[in-house]
């Protein structure tokens, strides 16, 4: 085990075990129906915003700006605002959300009734995910660049404590360099146990079920999910979910008025789908139910409504949110509505009763930053790669995404099933140059795929230049040099 541990995400168990559950994930009958007082929030990395959505109509009300958009003045010597909006959490009473910015190392708390910033705190490197404790004030922050958890006063701001390596009683902390999960006492901040036997050391995100009995830890690099029983503190199954597995979440659905089925939902970016599993017994392996095809590309964050009637999924590379209907039985889970949001959504949360009854409507302090064409401004192409594959079984490919970025375009490439340490070139035909093919950028496939010798990915290759209107997107080529 490496001496330096990096924490990614913590979950406070009481948040999902309260007897009078108000927030999702919720047990059947404890959460209120979807209403215009509820809100959906997405953390939009490139536009550096939080998109605010009314779930009753699935309409975007506007965005909360955390700073300038990517590639504007964010690298200037006098820039002091947030950079790279990423994770989201909320308080149990629905009065606050918390946003993490992974580049500026900031934790921002926002009041839901009027979208006003309440506090902003600088933490240690790479504040990735955060959530409120059951006191609706203390925020626990997973800072993945260092070896401890940061505790923040969400109302007044400021760091109040740190917890080294690592019901309001229990917290679960995962890592990106060690194959176990810390179980911590919130009261004493001491380690109660370590859950071992995870499928892979890199655990990018995890989630607790509404009854607190299930903890699913996603392993993005390996494309699997460790299914954990919190009662026995053991891994009961490993799900082969697929490449670029992102976030898990749960819905507890009453099947016949007396029986409740817990469904696990896992977004898998390379499949462009949310995989659904049924797990009636927390001590037994789940069964696969179906894949819900996304309307867009690369599903990432997801969260249910408190009444378990809907699951909402943000599509990172399409700048959209899908609404999945959960009321038609497991064979009928499907996307029924889609709405455009800010750029490059990472996280999504659903907050019940975010806007008080008799309030001003919750539209204050909102703007339009990042709302570019309602998702239609994004171009996505999957391009076959000219060159050998990493494992000689699957064809090498690259997902190319182009979106506007303050006067230029953000050109992003995700290389899949490539040869480890091989160099690749991306080119396109220049329309204003008589169709001449122009090299756009080179990249190296340097991220090994676990269990596949010689096989690698290039998870995020970025370039910034004018593409739209200059090059033909359908002429894109990727070749091994």
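When you check residue 322 against the structure, is it over 23 Å from residue 205 (Cβ atoms) and either in a helix (DSSP H, G or I) or not assigned by TED's automatic domain parsing to the domain that holds residue 405 (or both), yes or no?
no
Only one residue in 373, 340 is out of contact with any strand residue (DSSP E or B) (no Cβ under 6 Å at 6 or more places or on another chain) and under 30 Å from residue 470 (Cβ atoms), so which one is that? Don't jump to the end; show me each part of the working.
Working: 340 fails: out of contact with any strand residue (DSSP E or B) (no Cβ under 6 Å at 6 or more places or on another chain).
From the options 373, 340, the qualifying one is 373.
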- Got at least one residue in the range 438-449 being touching a helix residue (DSSP H, G or I) at 6+ places or on another chain (Cβ under 8 Å), surrounded by 14 or more Cβ atoms within 10 Å (Cβ to Cβ) and more than 23 Å from residue 221 (Cα to Cα)? no
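Yes/no matrix, rows are residues, columns are (1) within 26 Å of residue 95 (Cα to Cα); (2) outside the structural domain of residue 268 (by TED's automatic domain parsing); (3) over 24 Å from the mean Cα position of the chain (by Cα):
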residue	(1), (2), (3)
174	no, no, no
180	no, no, no
183	no, no, no
192	no, no, yes
206	yes, no, no
209	yes, no, no
212	yes, no, no
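Could you grab me the full set of residues in the range 207-221 that are within 24 Å of residue 451 (Cα to Cα) and either touching a helix residue (DSSP H, G or I) at 6+ places or on another chain (Cβ under 6 Å) or surrounded by fewer than 24 Cβ atoms within 10 Å (Cβ to Cβ) (or both)?
Taking the range 207-221 and keeping what is within 24 Å of residue 451 (Cα to Cα), we get 216-221.
If the condition is that a residue be within 24 Å of residue 451 (Cα to Cα) and either touching a helix residue (DSSP H, G or I) at 6+ places or on another chain (Cβ under 6 Å) or surrounded by fewer than 24 Cβ atoms within 10 Å (Cβ to Cβ) (or both), then 220, 221 are the ones that fit.
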- Taking residue 187 as meeting all but one of (1) touching a helix residue (DSSP H, G or I) at 6+ places or on another chain (Cβ under 6 Å); (2) within 22 Å of residue 132 (Cβ to Cβ), write down the number of the exception. (1)
- Please enumerate the residues belonging to the range 109-147 that are in a loop (DSSP other than H, G, I, E, B), at pLDDT below 90 and over 22 Å from residue 93 (Cα atoms). 124, 125, 126, 144, 145, 146, 147
- Options 306, 284: the member that is assigned to a loop (DSSP other than H, G, I, E, B) and under 24 Å from residue 35 (Cα atoms): 306
- Can we say residue 259 is in the same structural domain as residue 201 (by TED's automatic domain parsing) and buried (at least 18 other Cβ atoms within 10 Å of the Cβ)? no
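Sort through 35, 46 and tell me the only one that's in a loop (DSSP other than H, G, I, E, B) and under 15 Å from residue 301 (Cβ atoms).
Details: 35 fails: under 15 Å from residue 301 (Cβ atoms).
Exactly one residue qualifies, and that residue is 46.
So that you can scan it fast, the table gives a plain yes or no per residue for (1) closer than 23 Å to residue 23 by Cα; (2) part of a loop (DSSP other than H, G, I, E, B); (3) touching a strand residue (DSSP E or B) at 6+ places or on another chain (Cβ under 9 Å):
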position	(1), (2), (3)
194	no, no, yes
203	no, yes, yes
221	no, yes, yes
243	no, yes, yes
246	yes, no, yes
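The values are calculated or read from the model by the stated rules, or taken from the named source; none is laboratory data. Everything numeric in this text was worked out from a predicted model, so none of it was measured. Neighbour counts are summed over all protein chains in view; Cβ atoms, including those assigned to glycine, are modelled from backbone coordinates with ideal geometry.
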